[in-house]
Amino acid sequence: MTRDGATAPAFKGRREDGRLVTGQGRYTADWNLPGQLHAAFLRSDRAHAEIVSINTRPALDAPGVVAVLTGADTTRAGFKVAPPLVKFPGKGGVPLKVPHRDVLASGRVRFVGQEVAMVVAASAAAADDAVEAIELEYRDLPPVVDEEAALAPGAPQLHADIPGNLCFDFEYGDEARTAQAFAQAAHVTRLTLESNRMVGSPMEPKACLAAYDPATDAYDLYSSTQGLTLMLAGLTGVTGIPAEKIRVHAQDVGGAFGIRSDAYVEYCAAVLAAKTLGRPIKWVSSRAETFVSDYHGRAARLGGELALDREGRFLAIRFDWIVNSGAYLSQPGPLINTMTTTAHVSNAYRIPALYGRHRLALTNTTPTSAYRGAGRPNVSYLVERLVEKAARETGIDRVELRRRNLIPKEAFPYQTPVAAFVYDSGDPPGLLERALKHSQWSTFGARRAAASRRGRLRGIGCAIFIEPSGGGASPREQAAIRFDASGNARVYALAGPSGQGHETVFPEIVAEALGMDARKISLRASDPTGPRLAGEGTISSRSMISHGGAMVHAAREVIRRGLALAAAELKAQAEDVVFERGRYRVRGRRASIGVAELAAKHAGVSPHPLDAQGEIELKRTFPGGAHVAEVEIDPDTGVIRVERYVAVDDCGRVLNHVLLEGQIHGGIVQGLGQVLGEHCIYDRASGQLLTGSFMDYVMPRASVLREARLYDHSVPSPNNPLGAKGGGEAGTTGAVPAAANAVLDALSPLGIDRLDLPYTPARIWHAIADAKRRA
């Protein structure tokens with residue numbers, strides 16, 4: 001990544017890399033406890049059916065089997081449904097309707113892959129074998145897998161207490177003002193898009209190890225997680241176990257992307273079995289299980305309208321979404337498809353009026369949740385496709401149309417049409433101009449002509465975006481600094497790292513604040529044995545803003561506590577001592593002492609006099625970006641190649657350019673995955689998942705992105721002491737619309753102006769063939 005034309009400083013590597021690349025990482029499956037048993041789950045092979053009978057005796061008689069749990073056991077335990085994050089009412093004041101979900105199905109199954117029984121045995125192989133012995137009789141019911149079909153009159157009903165399968169009807173904005181703006185518009189552009197359902201596919205499959213200690217009536221749960229508090233909220237909500245009685249452990253997490261923030265029902269079943277049997281219970285899912293039981297992402301039908309005046313100024317925007325929530329609700333799912341989107345509906349544009357309505361439908365499919373971007377890519381995809389389509393319909397150049405409507409830098413902080421959200425800082429016009437320059441937009445015509453001579457279709461697409469980051473359900477974020485017996489510092493935070501480089505960058509932040517060597521500082525992320533802290537985990541691109549900001553405040557408290565100690569060492573009055581450039585100094589004298597020296601002098605004292613805690617009020621920031629993708633299509637095969645990609649991002653103050661570049665690069669590839677191939681498909685008649693393995697589900701490979709040039713155009717945020725904004729999801733939020741616009745630009749000479757994602761070779765080839773037949 002470059003900043004104002006300068007290359008980022010040399011990078012010395014991440015602390016984590018040594019153990020991870022040498023196979024010394026410790027993921028969930030690597031944890032083991034003495035006397036542990038192994039679990040396996042019987043899953044429904046029907047999308048919708050009543051359970052007529054279940055006979056577990058053949059499984060109990062199988063070699064090595066210790067127990068079989070069913071829905072009767074989890075019902076008897078009094079397990080409930082974890083409360084969703086949505087606390088606000090919907091249209092007409094009607095609240096979210098939360099369907100009951102049994103930890104193990106009782107009476108009915110509602111999606112392929114739902115957990116029906118849990119076998120516990122002496123070995124994983126024995127448990128897997130015994131699952132096959134369970135005798136189960138179903139009475140099939142008609143399934144519905146499409147969100148719009150689920151809301152249609154006469155559709156199969158999933159839950160008796162949620163008529164019409166509509167669990168939430170959410171609206172926002174000013175409907176009357178928006179309607180008036182549309183009535184006065186010189187031009188209205190309309191568009192409906194499919195945001196394809198996706199599988200999160202972390203490298204590490206879902207797994208857990210649960211143990212119960214009867215002496216303390218406490219539990220230990222080892223699992224991949226995006227943060228201690230996120231997991232605890234789900235576990236306590238389902239099981240009723242007090243949070244202080246559960247210790248959640250995670251050292252290394254092999255990918256998360258939003259779908260590792262919940263306490264899955266398998267974890268709750270393992271906790272119950274651990275207490276019931278008095279032995280630790282270990283379960284590691286197969287890749288096939290992750291396809292059907294890990295929460296899915298996206299899965300929405302996005303309707304939008306954009307109103308313009310005669311000069312091409314945006315007057316209003318209107319959304320009408322139908323979101324596929326699956327058979328049950330994840331905790332974050334309803335939130336990211338409602339309130340999260342309202343924070344940036346106007347994207348990077350001055351749009352005076354807006355109104356949106358989002359309906360959340362229940363279907364016989366795997367529940368959906370946050371997936372990298374958590375609703376933001378849907379907003380940027382729809383808005384940027386509307387802008388692109390409006391440009392073609394009005395004859396206004398697509399870049400010029402954006403220039404006319406972007407929020408100018410001097411307008412920040414910018415009050416959006418939704419009163420609750422104010423963009424903190426930014427420079428959308430500057431982002432656009434740099435993206436145009438670095439992508440060589442003005443000379444694209446020559447590259448398109450050269451491609452045409454080779455029989456290829458070449459296109460270029462641009463996307464501008466502003467997205468929310470940070471915030472959370474907790475009003476504050478806390479971090480603590482503790483000094484050990486050698487005088488080194490341990491930093492405690494509720495982060496849930498899964499590859500971001502937290503062990504490297506967070507000690508760097510504290511080291512900079514304290515003037516210490518970063519090598520003497522270590523991170524303890526979501527440590528169950530550490531101090532009790534308030535806050536949340538690693539979600540919503542919030543770690544640097546929230547955890548990093550809290551660490552700065554904790555470091556400032558260390559400095560404050562050290563003033564009297566430093567004065568005593570320097571034989572001066574405390575009021576004469578100042579802390580500057582990493583050292584305590586006495587005004588008018590050359591003598592000084594550093595925090596590390598003070599810490600060492602008091603090492604072994606408990607509590608250490610420099611131990612401190614800090615907190616930050618949680619405020620959102622609004623990063624932005626301008627991305628340009630350039631693609632080439634082989635019309636004979638439909639194969640798309642991304643030839644060039646430029647991303648100019650405003651992530652606020654950048655603390656570590658290389659780590660940020662890795663985050664943006666990874667996000668871009670995941671966005672390209674959605675555009676070019678990833679698609680979770682259900683058979684409408686049976687409700688069976690047709691893309692349940694990597695044989696059928698297309699994952700992006702390294703070759704999908706041939707060239708990516710990343711540039712930093714940052715405007716620091718005033719909302720946290722670091723001036724940081726989020727960066728973990730920017731790549732995805734920008735890549736989906738930029739790549740989609742590029743593909744449709746390549747196809748535009750054939751008269752193709754609309755095509756649903758993903759743009760697979762088959763879909764592109766058929767679109768070209770159809771266009772040629774019409775010509």
Pairs where the first residue, in segment 143-158, is at negative phi and charged (D, E, K, R) and the second is assigned to a loop (DSSP other than H, G, I, E, B) and open to solvent by 20 Å² or more (accessible area, probe 1.4 Å), C-beta under 8 Å, 6+ apart
ASP146/ARG684
Unmet requirement for GLY234, which otherwise passes all of (1) assigned to a helix (DSSP H, G or I); (2) at pLDDT 95 or above:
(2)
Residues of segment 448-480 that turn out to be part of a loop (DSSP other than H, G, I, E, B), open to solvent by 50 Å² or more (accessible area, probe 1.4 Å) and in contact (Cβ under 8 Å) with a residue 40 or more places away in the chain, as a count:
3
Index of the failed condition, SER703 passing every other in (1) open to solvent by 70 Å² or more (accessible area, probe 1.4 Å); (2) within 25 Å of ASP294 (Cα to Cα); (3) of a type in the set (Ser, Thr, Tyr):
(2)
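In segment 564-576, what residues are farther than 14 Å from GLY515 by Cβ and in contact with a strand residue (DSSP E or B) (Cβ under 6 Å, 6 or more places away or on another chain)? Reasoning before the result, please.
Quick first cut of segment 564-576, residues farther than 14 Å from GLY515 by Cβ only: 564-565, 567-576.
Selection gives ALA567, GLU569, LEU570, ALA572, ASP576.
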Quick check on segment 304-313. Is at least one of its residues open to solvent by 10 Å² or more (accessible area, probe 1.4 Å) and closer than 25 Å to HIS48 by Cα?
no
Those residues of segment 186-207 that are among the basic types (Lys, Arg), open to solvent by 10 Å² or more (accessible area, probe 1.4 Å) and outside any strand (DSSP E or B) come to a total of 1
Could you list all residues from segment 745-759 that are open to solvent by less than 10 Å² (accessible area, probe 1.4 Å) and in a helix (DSSP H, G or I)?
ASP745, ALA746, LEU747
Which pairs turn up if I take residues in segment 12-26 that are open to solvent by 60 Å² or more (accessible area, probe 1.4 Å) and look for partners that are in a loop (DSSP other than H, G, I, E, B) with beta carbon separation below 6 Å, at least 6 apart in sequence or on another chain?
ARG26/GLN251; ARG26/ASP252
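Which residue out of PRO429, PRO507 is touching a helix residue (DSSP H, G or I) at 6+ places or on another chain (Cβ under 7 Å), farther than 18 Å from ARG542 by Cβ, part of a helix (DSSP H, G or I) and open to solvent by 30 Å² or more (accessible area, probe 1.4 Å)?
Details: PRO507 fails: open to solvent by 30 Å² or more (accessible area, probe 1.4 Å).
Only one candidate qualifies: PRO429.
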Might you let me know whether segment 433-447 holds any residue that is acidic (Asp, Glu) and without any contact (Cβ under 8 Å) to a residue 12 or more places away in the chain?
yes
Filter segment 84-143 down to the residues that are open to solvent by 10 Å² or more (accessible area, probe 1.4 Å) and polar (S, T, N, Q), then identify the one that is farthest from THR342 (Cα to Cα).
SER123
Any idea which residue in segment 253-272 is least open to solvent (accessible area, probe 1.4 Å), counting only those that are of a type outside the set (Gly, Ala, Ser), touching an Asp or Glu at 6+ places or on another chain (Cβ under 9 Å) and not in a loop (DSSP other than H, G, I, E, B)?
GLU266
Matching residues in segment 653-700 (closer than 23 Å to ASN196 by Cβ and out of contact with any helix residue (DSSP H, G or I) (no Cβ under 9 Å at 6 or more places or on another chain)) number 11
All conditions in (1) open to solvent by 10 Å² or more (accessible area, probe 1.4 Å); (2) closer than 19 Å to GLU615 by Cα are true of ALA485 except (2)
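Among the residues of segment 208-252 satisfying the criterion of being in contact with a Pro (Cβ under 7 Å, 6 or more places away or on another chain) and open to solvent by 10 Å² or more (accessible area, probe 1.4 Å), which is farthest from PRO83 (Cα to Cα)? Let's see the steps before the verdict.
Of all residues in segment 208-252, those in contact with a Pro (Cβ under 7 Å, 6 or more places away or on another chain) come to 209-211, 228, 236-237, 247-249.
Remaining after also requiring open to solvent by 10 Å² or more (accessible area, probe 1.4 Å): 211, 228, 236-237, 247, 249.
Values: ALA211: 24, LEU228: 17, THR236: 10, GLY237: 6, ARG247: 20, HIS249: 23 Å.
Once the filter is applied, the top-ranked residue is ALA211.
From the list ASP309, ASP252, which one is modelled with pLDDT under 95 and acidic (Asp, Glu)?
Numbers: ASP309 fails: modelled with pLDDT under 95.
Unique residue meeting the criteria: ASP252.
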Being open to solvent by less than 10 Å² (accessible area, probe 1.4 Å), modelled with pLDDT under 95 and under 20 Å from the mean Cα position of the chain (by Cα) narrows it down to one residue among GLY326, GLY375; which is it?
GLY375
Can you confirm whether segment 177-185 contains a residue that is open to solvent by 20 Å² or more (accessible area, probe 1.4 Å), of a type in the set (Lys, Arg) and touching a strand residue (DSSP E or B) at 6+ places or on another chain (Cβ under 8 Å)?
yes
For VAL631, the lone unmet condition from (1) farther than 30 Å from HIS438 by Cα; (2) among the hydrophobic types (A, V, I, L, M, F, W, C); (3) touching a Gly at 6+ places or on another chain (Cβ under 8 Å) is (1)
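Show me the strands (runs of 3 or more DSSP E) entirely contained within segment 583-691 in which 1 or more residues are open to solvent by 30 Å² or more (accessible area, probe 1.4 Å) and more than 30 Å from ARG490 (Cβ to Cβ). Outline the logic, then answer.
On the way: elements: 583-586, 592-594, 612-617, 624-633, 640-650.
Per the criteria, 640-650.
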Under 6 Å between Cβ atoms, which residue pairs at least 6 apart in sequence (or on different chains) link something in segment 756-775 that is over 21 Å from LEU382 (Cβ atoms) with a partner that is in a helix (DSSP H, G or I) and open to solvent by 10 Å² or more (accessible area, probe 1.4 Å)?
ALA771/LEU750
Enumerate the pairs (first residue in segment 102-114 and closer than 16 Å to PHE79 by Cβ; second residue anywhere and among the charged types (D, E, K, R) and open to solvent by less than 10 Å² (accessible area, probe 1.4 Å)) with beta-carbon separation below 9 Å, excluding pairs fewer than 6 apart on the same chain, so at least 6 apart or on different chains.
ASP102/GLU115; VAL103/GLU115; VAL103/GLU266; LEU104/GLU115; ALA105/GLU115
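The values are calculated or read from the model by the stated rules, or taken from the named source; none is laboratory data. All values reported here derive from a predicted model rather than from experimental measurement. Positions of Cβ are generated from backbone atoms using ideal geometry, with glycine treated the same way; all protein chains shown enter the neighbour counts. For accessibility, only protein heavy atoms count, side chains too; no ligands or nucleic acids. Shrake-Rupley method; radii C 1.70, N 1.55, O 1.52, S 1.80 Å.
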